[in-house]
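**Q** Questions regarding the structure given below will be posed in turn.
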Amino acid sequence: MSGRTIANLDIDTFFAAVEIRDNSRLNGRPLIIGGCHERGIVTSASFEARRFGIHIGMPVKVALRRCPEATVLHGDTDKYKRASALITEVVAEEAPLFEKAALDEFYLDLSGMDRFMSSWQWSLELQKRVRQESGLAVSLGLATNKMISKIGVNLKQPQASTRIPPGNERDFLAPLPLRRIPGIGKKTQRKLLDMGVRRVGLLAQIPQALLLREFGKTGQKLWRKANGIDPSPVVPYQSARTIAREHIFQIDTIDPVQLRTALTHITSLLTFELRQSGKLTSLVTVKLRYTDGNTYSLRRRTSHTATDNQLIPLATELLKRLFQRRQLVRMVGVKFEGLAEGLPQVDLFRDTGRELALLQAMDKIRNRFGAEAVKFANAN
């Protein structure tokens, strides 16, 4: 795996950045993306909010105690997916091989490019194009492996452009605190601190045999990471084989009408997503999480389809079979699996011209005004 050149592209504070891009009044203000209810978790925060110690995974109520003047938005998953799809298109047009690690993060394998052109200059040009076409700030790291390029980005955000030349990996890592190394949990970090190890450079100097004795197989991984060794490959991007949505109730409910309404809505959003991506599903899973945290699911196969009048009744039937405990429900979810390329087929025995026309009209409205623009009435 030697001689590799790996770039990391990361969209700075992605969800928050999309909202700020679309609403200039949010610019320069502390912004939190997450659930508006006290159970909500921070999923993104602007750099202005991060200055108050707000971070991803923090309860929204704790974040607001740290920064009461922050603006909290629930977030728009469809908007973020559209922004991510645009960036993916740009990267796919330019990169010889790339991995989409998340909605807002990409790894590019540029190995061998320097024989023909500067991989660094090429990466800077791609960074510039992504910024121009998406309207979002993007950070870049270039190194010999995924871990080093990722750490380089994290150290310099926002709008980083960081290059770690081959052979400089250990020197780059040496002064960093242990928390900068991915995969070091709190328990492991605490033990290393007890051993007097606070910087990556000192960890790199500990013999492998000692780390193996103290940490088992994890010790070998620690030594490799501290020495800048990461052989993990860039996995070529493939379109998703699964899509899913969940609805978390603001107040736990036992009302079957409320449950069916939420289920119908998220199933409809998923079928719309299928049609937009030119895909069909053949396996539907419905999931329920009760107020005590216990989670149950049921699944059923179906012929490949992407129509509401086939998938919503199927999901509703699975919900009916699942909801047997008559206990408060916290969350309902739907997942489509076994995705395949294709367009919805007309079922001569089920589909009417009126239903198909309605489906097309709904999709047209959603394409123009967003996926949430159309909702089904309460299911009785």
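**Q** Roughly to the nearest percent, how much of the accessible area of the stretch 153-289 is carbon and sulfur, given a 1.4 Å probe?
**A** Working: 3800 of 7280 Å².
C and S atoms contribute 52 percent here.
**Q** Does the stretch 104-259 come out rounded, prolate or oblate, given a ≥ b ≥ c as the square roots of the eigenvalues of its C-alpha gyration tensor, rounded meaning a/c under 1.5 and, failing that, prolate meaning a/b above b/c?
**A** Numbers: a/c = 2.18, a/b = 1.14, b/c = 1.92.
Oblate, because a/c is 1.5 or more while a/b does not exceed b/c.
**Q** I've got another one for you. I need the shape label for the stretch 219-281. Rule: rounded when a/c is under 1.5, else prolate if a/b > b/c, else oblate, with a, b, c from the alpha carbon gyration tensor. Can you show the working numbers first?
**A** On the way: a/c = 6.17, a/b = 1.90, b/c = 3.24.
Oblate.
**Q** Now a separate question. Taking θ = phi - 60°, what integer Hz values does the Karplus form 6.51 cos²θ - 1.76 cosθ + 1.60 yield along the stretch 73-89, in sequence order, with x for Gly and Pro?
**A** 10, 5, x, 10, 4, 5, 4, 5, 5, 5, 5, 5, 4, 4, 5, 4, 4
**Q** If you don't mind, another one. Please turn the phi angles of the stretch 121-136 into ³J(HN,Hα) values with the Karplus equation 6.51 cos²θ - 1.76 cosθ + 1.60 (θ = phi - 60°), one per residue in order, whole Hz, x for glycine and proline.
**A** Those phi angles translate into 5, 4, 5, 4, 5, 5, 4, 5, 5, 4, 4, 5, 7, 9, x, 10 Hz.
**Q** Let me ask you something else. Where the accessible area of the stretch 1-137 is counted over protein heavy atoms with a 1.4 Å probe, how much of it, in %, is carbon and sulfur? The partial results should precede the final answer.
**A** Details: 3410 of 6680 Å².
Carbon plus sulfur share of accessible area: 51 percent.
**Q** I need the phi-derived Karplus couplings for the stretch 191-199: 6.51 cos²θ - 1.76 cosθ + 1.60, θ = phi - 60°, integer Hz, Gly and Pro marked x.
**A** 5, 5, 5, 5, 7, x, 9, 10, 10
**Q** Applying a 10 Å radius around every beta-carbon, put 127-136, 149-158 in order of their mean neighbour count, most first.
**A** Working: 127-136: 16.1, 149-158: 19.4.
Sorting 127-136, 149-158 by mean packing, highest first, produces 149-158, 127-136.
**Q** Right, next: For the stretch 62-183, how big is Rg over Rh, using alpha carbon atoms and the Kirkwood form of Rh?
**A** Details: Rg = 16.6 Å, Rh = 16.3 Å.
Radius of gyration relative to Kirkwood radius: 1.02.
**Q** Please identify every one of the GluC sites (Glu not before Pro) in the stretch 1-102 that sits in a loop by DSSP and has no more than 15 other beta carbons within 10 Å of its own beta carbon.
**A** Those satisfying the criteria are Glu38, Glu69.
**Q** Counting only residues 5 or more places away or on other chains, whose amide H sits under 5 Å from the amide H of Ser44 once H atoms are built in the peptide plane?
**A** Residues meeting the criterion, in which the H sits 1.01 Å from N, are Ile33.
**Q** Here is the link list: Lys225/Lys335; Lys150/Lys335; Lys186/Lys287; Lys191/Lys225. Which ones come out longer than 28 Å on Cα distance? Let's see the in-between values first.
**A** Numbers: Lys225/Lys335 36 Å; Lys150/Lys335 31 Å; Lys186/Lys287 32 Å; Lys191/Lys225 17 Å.
Those over the limit are Lys225/Lys335; Lys150/Lys335; Lys186/Lys287.
**Q** At 1.4 Å probe size, with every protein chain present, just tell me what the per residue accessible area of the stretch 185-254 comes to in Å². Spell out each step's value before the answer.
**A** Numbers: 4550 Å² over 70 residues.
It amounts to 65 Å² per residue over the stretch 185-254.
**Q** Something else now. Which residue fluctuates the most in the chain, going by a Gaussian network model with Cα springs under 10 Å, if the choices are Gly112, Gly216, Gly201?
**A** Among Gly112, Gly216, Gly201, the largest mean-square fluctuation in the Gaussian network model of the chain belongs to Gly216.
**Q** Taking a ≥ b ≥ c as the square roots of the Cα gyration tensor eigenvalues, with a/c under 1.5 meaning rounded and otherwise prolate when a/b beats b/c, else oblate, which class fits the stretch 1-102? Write out the running numbers ahead of the final one.
**A** On the way: a/c = 2.43, a/b = 1.92, b/c = 1.26.
Taking the square roots of the gyration eigenvalues as a ≥ b ≥ c, the stretch 1-102 is prolate.
**Q** Please report the orientation-averaged projected area of the chain, defined via the convex hull of its C-alpha atoms, in nm². Could the numbers behind the result be given before it?
**A** Values: hull surface 90.5 nm².
With the hull built on Cα positions only, its mean projection is 22.6 nm².
The values are calculated or read from the model by the stated rules, or taken from the named source; none is laboratory data. Only a predicted model underlies this, so the values are computations on that prediction, with no experimental measurement involved. A quick note on method: Cβ atoms are made from the backbone with ideal geometry, for glycine too, and the neighbour counts reach across all protein chains shown. To get the accessible areas, we keep the full protein, side chains included, count just its heavy atoms, and leave off ligands, DNA and RNA. Shrake-Rupley method; radii C 1.70, N 1.55, O 1.52, S 1.80 Å.
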